[in-house]
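The structure appears right after this line, and notes come after that.
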Amino acid sequence: MPPNLTPTIHDKEFTMPTVTLDANTVRTATCPADKKKLDLYDTAIPGFVLEVRPSGGKTWYLRYRDARGKQHQHRIGDAAGITFEQARTAAQTTRARVILGENPAEEKKALRTIPTLEDFAQRYLDYAKGAKRSWDTDESFLRNHVLPRWAKRHLDEVRQQDIIDLQHGMRASGYAPATANRIVILTRYMWNLGKKWKVPGTETNPASGVELFEENNKPERFLTAEEVQRLVACVRNSDNPQLQYIVPLLLLLGCRKRELLDSQWSHFDLERRTWRIPLSKNGKARHVPLSADVLAIMAQVPRWDGCPFVVPNPKTKKPYVSVFYAWNTARKQAGLPEVRMHDLRHSTASFLVNSGRSLYEVQKILGHTQLKTTQRYAHLSQATLLEAVDSLSAVSGLALATA
């Protein structure tokens, strides 16, 4: 049944007056000197009230009971700024919503619980510090690009067009496509988390549906088998004795440089041939399979008592902060001055794809969270695909049929 809209509020001394509200009533109504206020109930719209105060102030309200019988007072607005006709229309609209089961008072209360982006960003960063390796990058993006624009906005006030304007504005200012896209990715991730945490105002994600720029600013260099041999020969003669293990392991594992440099022996299960990386780039643990060649190299890696790290700096027994100098010397000696250490990871993907492994397998080995990241290597499998289609005739027997 619809909520009871019959006004039931009574003064301690007398029943509140019921009148036919109109513009003239609003102009002439006054509050008795011995009263704190005078409530004038409309005869046409149940619960429609004009509150008159001794000061001369007047306010429009709609009083109603919700589906549970609890009484509420919905403020329509000040009579000095809202005409009788406007207030009556608003009262009729609100009353219709109540009859349909809505509760404007609760909706207004819910709006007050929606945090500002500034407050939510702090909660997000508190979480990201323990869950994402790249939290400091998120903090920088929020501080330099997002919060200067929307810090005081409530979450439900950030619109899709706001995200698009910021993304395109950054691109127009000279930022790389990947940098401008990060704004979209970051806000989308924050709102998704907010929805998961049931944060008011995150029910609709403003970054949803925003198209990313084509990221053609990611040069990819794939080593050939001959280049790998030259490089391995040079790292064996490096002044850094650990580089002879670091470079081949990066090529065979397809891991990120920092993942290997920070790795510990306790993370490896050599018997089951698996490496558990406790905290990967996306903030989650991942498992990397260990090939027989990886096991052979790890059997040669020197160990030090009390040192938990796999390829530490022999002098400090701590992970290297950087191995750039030794790497730079080795790559130049190999005639590969343009090859970055991260290109070893790209090369791993290239070798896997060209050996006939599926993109799904490559995705799992490299630890990509999304298949689209791995699909950048799809073109490398063209020769393998041609071999596959050429085999169709023999397998299907069509070659014999058309001979």
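Please treat every number below as a calculation from the coordinates, not as lab data. Keep in mind that this is a model prediction, so the values were computed, not measured. Ideal geometry is used to build each Cβ from the backbone, glycine not excepted, and the neighbour counts take in all protein chains shown.
When the dipole is taken about the Cα centre of the chain, and only Lys, Arg (+1) and Asp, Glu (-1) are charged at their Cβ, what size is it in debye, to the nearest 20? Kindly include the intermediate steps, with their values, before the conclusion.
Details: 58 positive and 42 negative charges, 195 e Å.
Using Cβ point charges on Lys, Arg, Asp and Glu, the chain gives about 940 debye.
Averaging the Cα positions of each part gives two centres, and for the range 280-332 and the range 216-265 these lie 10 Å apart.
With a Cα cut-off of under 17 Å and a minimum spacing of 8 residues unless on different chains, the lysine pairs in the range 18-112 number 5. Normalised radius of gyration (Cα atoms, divided by 2.2 N^0.38 Å) for the range 18-112: 1.09. Working from label points 7 Å from Cα in the Cα-to-Cβ sense, the Leu392 to Asp136 distance is 5.3 nm. What is the chain by shape, rounded, prolate or oblate, if you read a ≥ b ≥ c off the alpha carbon gyration tensor as root eigenvalues and call it rounded for a/c under 1.5, prolate for a/b larger than b/c, and oblate otherwise? Prolate, since a/c reaches 1.5 and a/b exceeds b/c. The label-point distance for Ala176 and Arg112, in a model that sets each label 7 Å from Cα toward Cβ, rounds to 4.8 nm. The charge dipole of the range 18-112, taken about its Cα centre with unit charges on the Cβ of Lys, Arg, Asp and Glu (plus for the first two, minus for the last two), comes to roughly 320 debye. When shorter helices are ignored and each DSSP H run of at least 4 residues is given -39500 (n - 2.57), the per-residue value for the chain at 222 nm works out to -13000 deg cm²/dmol.
Could you pull out the longest piece of the chain with no exposed loop chymotrypsin sites (Phe, Trp or Tyr not before Pro) in it, calling a site exposed if DSSP puts it outside H, G, I, E, B and it has at most 13 other Cβ atoms within 10 Å? Don't skip to the answer; put the middle values down first.
Values: sites that count: Phe14, Trp197, Trp304.
For chymotrypsin sites (Phe, Trp or Tyr not before Pro) (loop position, at most 13 other Cβ atoms within 10 Å), the longest site-free span of the chain is 15-196.
With the simple model of a label 7 Å out from the Cα in the direction of the Cβ, Arg221 to Glu338 spans 0.7 nm. Distance from the alpha carbon centroid of the range 115-137 to that of the range 149-174 works out to 18 angstrom.
Average projection, convex hull of the Cα set of the range 225-387: 10.2 square nanometres. When each full DSSP H helix of the chain is screened for a Cα extent of at least 24 Å along its own axis and an average Kyte-Doolittle hydropathy of at least -0.5, the helices passing are 177-196. In the elastic network of the chain, a GNM with C-alpha springs shorter than 10 Å, the most mobile of Lys195, Lys108, Lys70 is Lys70. Based on Cα contacts under 8 Å between residues 6+ apart, the range 171-320 shows a relative contact order of 16 percent.
As I understand it, the dipole of the range 18-112 uses +1 on the Cβ of Lys and Arg and -1 on the Cβ of Asp and Glu, about the Cα centre. Which of Val26, Ile82, Val98 lies farthest toward its positive end? Projecting each Cα onto the dipole axis, the largest value belongs to Val98.
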